[in-house]
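Beneath this line is the structure, given in structure tokens, with notes to follow.
FYI, it's all coordinate maths here, none of it is from the lab. All of these numbers come straight from a predicted model, not from anything done at the bench. We place every Cβ from the backbone using ideal geometry, glycine too, and count neighbours over all the protein chains shown.
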Amino acid sequence: GTPRGQGRATQLSSPFPVCSLDVPFPSSREATIALRSLSPDKEPRKGGISKLITVSGSTLSVRWSADEARILRVSVNSFLDHLSLVMETMEMFGPPVAV
């Protein structure tokens, strides 16, 4: 199946608001598909926030750093909306088939 909200968000020590999220997937292939689906989404603002998305094994990791907590909140909420859509789509179509 697909992950069920098993991610974890933490506040890291930084002078700016920071958030990190780890989302486990059933396989590294599914984590990579999620990464490729979510990576094209650039932040709408030119400045004020940075987002790094990586995959390690079957875990998708995201780290944000922002100038303001409000900007961070908007970016994280938007990402979670997109992540939810990606996960629902994967669930609807089933596990990826090797090509």
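Things to note:
- Cβ crowding within 10 Å ranks V86, V97, V62, V74 as V97, V74, V86, V62, fewest other Cβ atoms first.
- Magnitude of the charge dipole, region 15-99, Cβ model with Lys/Arg +1 and Asp/Glu -1, debye to 20: 300 debye
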